[in-house]
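Just below is one structure, and these are the notes that go with it.
The values are calculated or read from the model by the stated rules, or taken from the named source; none is laboratory data. This one's a predicted model, so the numbers in the text were calculated from it and none came from an experiment. Note that each Cβ is placed from the backbone with ideal geometry, even for glycine, and that neighbours are counted across all protein chains shown.
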Amino acid sequence: MKVLYDHQIFSTQVYGGVSRYFVELIKNFKDSGSVKGDLSVLFTNNYYLRNAKCKQYRTFFPKYNFKGKTKLLDSLNEFYSKQYLRFNTFDVFHPTYYDSYFIRYIGNKPFVLTVYDMIHEKFPEYFSKNDITTQKKKYIANKASKIIAISNSTKMDLINIFNIPEKKIKVVYLGYLNNQFKDKEYKVIELPSKFILFVGSRRGYKNFRLFIKSITSILQKENEINVICVGGGKFTKNEVGWFKFLNINGQISQLDVADALLSQIYKKALFFVFPSLYEGFGLPILEAFSNGCPVLCSNTSSLSEVAGDTAMYFNPYDVDSIKNSVRIALDNSEIMNNLKLKAFERLGNFSWENTAKRTQEIYEMVV
């Protein structure tokens, strides 16, 4: 069986969970020989694809940023993808995002769509009024032969928001691979002796501001405790000004690091806090588990599906709930150690091999 994946996410993402997901699928199919995965990408700067070495392509001005760069890259790759589709040498098509450009080219061939979350639909206030992701997603979801939802939470949102028939949706969890790094890739960085870890974007529904508001009194009283934010871009002027106003600016820092250093940071953190209002899955939880880092997270959306009974939960809308959870975590090393021990066992439920196997079953359903 030959499955064709397209360019969409590889035109826009250098790093990111969606592009990593597709690279892991292609790698696992290649290793098992069960499915031949092909990728219609001519240019990309994607980190995961570069390291997987499973596709020949060209980089696209990786050291330069200019106006219209992403749009130009996507246009070139879309033209290339259309040529691939015209060859019609595939059994199943699997687009990597929600653009429907391919509909007129696949003829009667089935296509499978993965839906990662319903953030645009549940939190439209955090997106531009010109954002048409919802319209694209709804159209393509209705056209798809089968839909893969990466959690039961996302599946129920598809049913409730888009009225997609339940029988059309299959849940396939993402996997996790605890990467092994070569010595030359591993660098040591100086970190505070006591710090709480926050990973990823700090925008809107990620609930960063309420998280900081919730723990401000703790930070003010205990100045040896720090917060390290990894990823999400440098702090904005508004964020820096707010930290200064709260008198905690010396205890909050931001880092952009590669995976090897992120692993080191997880290992040294007191615990990882994930206060998001909504997640389609929640890969950072598995990253934390893998590195022996206890997890405190929201009791919303898919997060309990991923963390099970190996995390401490709080209400992400409630300042006192967040603060109390952090206070308990700081004061009870026994609870944190128990969470660490249970986390490694929990990781066994999530593997890319299983993700690929379940995905192959869905391909076989539609052929």
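Report, ordered by the first and then the second residue, all pairs with beta carbons closer than 7 Å, sequence separation of six or more or different chains, a first member in the stretch 58-73 that is assigned to a helix (DSSP H, G or I), and a second member that is of a type in the set (A, V, I, L, M, F, W, C).
Going by the 7 Å Cβ cut-off, the qualifying pairs are Lys69/Phe61; Leu73/Phe43; Leu73/Phe60.
Would you point out the residue of the stretch 201-242, among those that are more than 27 Å from the chain's Cα centre (by Cα) and in a helix (DSSP H, G or I), that is surrounded by the most Cβ atoms within 10 Å (Cβ to Cβ)?
Applying the filter and picking the extreme gives Leu219.
Mind checking whether some residue in the stretch 64-72 is in contact with a helix residue (DSSP H, G or I) (Cβ under 8 Å, 6 or more places away or on another chain), within 25 Å of Asp259 (Cβ to Cβ) and either surrounded by 22 or more Cβ atoms within 10 Å (Cβ to Cβ) or not assigned by TED's automatic domain parsing to the domain that holds Thr96 (or both)?
no
May I ask you to list pairs of residues, at least six apart or on different chains, whose Cβ atoms are under 7 Å apart, with the first in the stretch 102-121 being touching a residue at least 40 places away in the same chain (Cβ under 8 Å) and the second being surrounded by fewer than 20 Cβ atoms within 10 Å (Cβ to Cβ) and assigned to a strand (DSSP E or B)?
Val112/Lys146
Which residues, counting only those in the stretch 320-365, are surrounded by fewer than 16 Cβ atoms within 10 Å (Cβ to Cβ) and of a type in the set (Val, Ile, Thr)?
Within the stretch 320-365, Ile328, Ile335 meet the criteria.
Just one of the numbered conditions (1) within 20 Å of Val366 (Cβ to Cβ); (2) in contact with a helix residue (DSSP H, G or I) (Cβ under 6 Å, 6 or more places away or on another chain) is not true of Thr154; which one?
The number of the failed condition is (2).
With the requirement that a residue be of a type in the set (Gly, Ala, Ser), at pLDDT below 95 and more than 13 Å from Ile228 (Cβ to Cβ), what does the stretch 182-218 give you?
Once the filter is applied, which keeps residues that are of a type in the set (Gly, Ala, Ser), at pLDDT below 95 and more than 13 Å from Ile228 (Cβ to Cβ), the stretch 182-218 yields Ser201, Gly204.
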